[in-house]
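The values are calculated or read from the model by the stated rules, or taken from the named source; none is laboratory data. Just so it is clear, the structure is predicted and the values come from calculations on it, not from any experiment. Ideal geometry is used to build each Cβ from the backbone, glycine not excepted, and the neighbour counts take in all protein chains shown.
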Amino acid sequence: MNNMISVRDITRVYHTGEIEVHALRGLSFDIERGEFVAIMGPSGSGKSTLMNLIGCLDTPTTGSYTLDGLPVEQLEMSQLSAVRNRKIGFVFQQFHLLARSTALENVALPLAYRGGIPAAERMARAAESLERVGLGDRMDHRPQQLSGGQQQRVAIARALVTQPALLLADEPTGALDTRTSAEVMDLLTDLNRSGMTVVLVTHEPDVAHSARRLLEIRDGKLMRDVPTAEAWTAHDPHTPHLAPTSGNASPVERARRAGRLPVASRWRKSV
Ligand SMILES: Nc1ncnc2c1ncn2[C@@H]1O[C@H](COP(=O)(O)OP(=O)(O)O)[C@@H](O)[C@H]1O
Ligand SMILES: [Mg+2]
């Protein structure tokens, strides 16, 4: 079996006081190893809820979820956190870096959580991860001494340091300008090309276009599951509002055309 992710009829109901919120209403799909998938949908449609389930931060109310062959819905909380640490790297819109720690210390943190890895090895692996995202010369900087794009690259380095099989990114470019978004997407594309499974949530069609497959969610249901190459046709009756702003070009392609990015990525390294 080549599935990294297999969800069947998952629902998630939040209970807040008297009110029940049906955030996910029965979703089923598979994501194979090595895929690059974008999840889109309006605000409140359940994207973050779905990412939290995929990322083992939460469990479904009903339905089943198999991650890399493991039946996640049957695991205890302590087992879930071990699965998270070993298999999954997370990137969020707000970078969630520790303000008082250096880039190197931030990136090394997941290895400390894992336990049993000597400090020297933690630092060496963190340094390697920072080099992979092009920040080998910023290891001793604290977050506020870095630009937004650099902070997000530190967060990506932190996600990579455990060598996860799956990278999950919830609106990774949501707090970045267009040019910096393009750099971050270029990096995620590189990581996917070198074999990592990448699932990202975004509001921006240009960002989604870097992925190869689009899952569109509305009101907690899966509305579309299509290759991104087919997602935005000129006469798409479903989602004209999702059309990318510049033809079929991804932000990376457009930045390159405008001469804003080098053709050869300096981050390209094997994962
Ligand atoms: N922890 C929570 N408790 C109660 N309701 C929640 C919680 N998280 C999300 N929701 C609700 O679930 C629905 C889906 O939210 P979310 O998954 O965050 O959507 P999206 O990421 O697509 O904006 C929304 O109606 C939201 O208000
Ligand atoms: Mg969200």
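Check whether at least one residue in the stretch 168-176 is β-branched (Val, Ile, Thr), within 15 Å of the chain's Cα centre (by Cα) and within 29 Å of Arg25 (Cα to Cα), and report yes or no. Within the stretch 168-176, one or more residues are β-branched (Val, Ile, Thr), within 15 Å of the chain's Cα centre (by Cα) and within 29 Å of Arg25 (Cα to Cα).
Condition check ((1) surrounded by fewer than 20 Cβ atoms within 10 Å (Cβ to Cβ); (2) within 14 Å of ligand 1 (Cβ to nearest atom); (3) closer than 18 Å to Ile217 by Cα) across all residues:
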residue	(1), (2), (3)
Ser43	yes, yes, yes
Ile54	no, yes, yes
Asp58	yes, yes, no
Ser78	yes, no, no
Ile88	no, no, no
Arg100	yes, no, no
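Scanning the stretch 129-157 for residues that are surrounded by 18 or more Cβ atoms within 10 Å (Cβ to Cβ) and part of a helix (DSSP H, G or I) yields a count of 13.
Condition check: within 16 Å of ligand 1 (Cβ to nearest atom) and assigned to a strand (DSSP E or B). Does Gly63 satisfy that? Spelling it out, Gly63 is indeed within 16 Å of ligand 1 (Cβ to nearest atom) and assigned to a strand (DSSP E or B).
Here is a yes/no grid of residues against (1) under 16 Å from Val133 (Cα atoms); (2) at pLDDT 95 or above:
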| site | (1), (2) |
| --- | --- |
| Ala182 | yes, no |
| Asp186 | yes, no |
| Asp190 | yes, no |
| Pro205 | no, no |
| His209 | no, no |
| Arg213 | no, yes |
| Glu216 | no, yes |
| Pro240 | no, no |
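Does Ala126 satisfy the criteria of being small (Gly, Ala, Ser), in a helix (DSSP H, G or I) and within 30 Å of Gly41 (Cα to Cα)? So Ala126 does not fit the description; no. Taking the criterion of being more than 12 Å from Phe92 (Cα to Cα) and either out of contact with any helix residue (DSSP H, G or I) (no Cβ under 9 Å at 6 or more places or on another chain) or without any contact (Cβ under 8 Å) to a residue 60 or more places away in the chain (or both), the residues of the stretch 142-160 that qualify are Arg142, Pro143, Gln144, Gln145, Leu146, Ser147, Gly148, Gly149, Gln150, Ala157. Close Cβ contacts (under 6 Å, 6 or more residues apart or on different chains) running from residues in the stretch 120-134 that are over 13 Å from Ala103 (Cβ atoms) to residues that are surrounded by 19 or more Cβ atoms within 10 Å (Cβ to Cβ) comprise Arg122/Ala108; Arg122/Leu111; Arg125/Val161.
The residue that is farthest from Ala127 (Cα to Cα), counting only those in the stretch 156-192 that are away from ligand 2 (no atom under 16 Å from the Cβ) and among the acidic types (Asp, Glu), is Asp177.
Yes/no matrix, rows are residues, columns are (1) more than 16 Å from ligand 1 (Cβ to nearest atom); (2) closer than 18 Å to Phe92 by Cβ; (3) surrounded by fewer than 24 Cβ atoms within 10 Å (Cβ to Cβ):
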position	(1), (2), (3)
Glu171	no, yes, yes
Asp206	yes, no, yes
Ala211	yes, yes, no
Leu222	no, no, yes
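When Val13 is tested against (1) surrounded by fewer than 20 Cβ atoms within 10 Å (Cβ to Cβ); (2) within 24 Å of Ala159 (Cβ to Cβ); (3) among the aliphatic types (A, V, I, L, M), only condition (2) is not met. When residues in the stretch 12-45 are screened for being part of a loop (DSSP other than H, G, I, E, B) and either farther than 20 Å from Val198 by Cβ or more than 16 Å from ligand 2 (Cβ to nearest atom) (or both), 9 of them pass.
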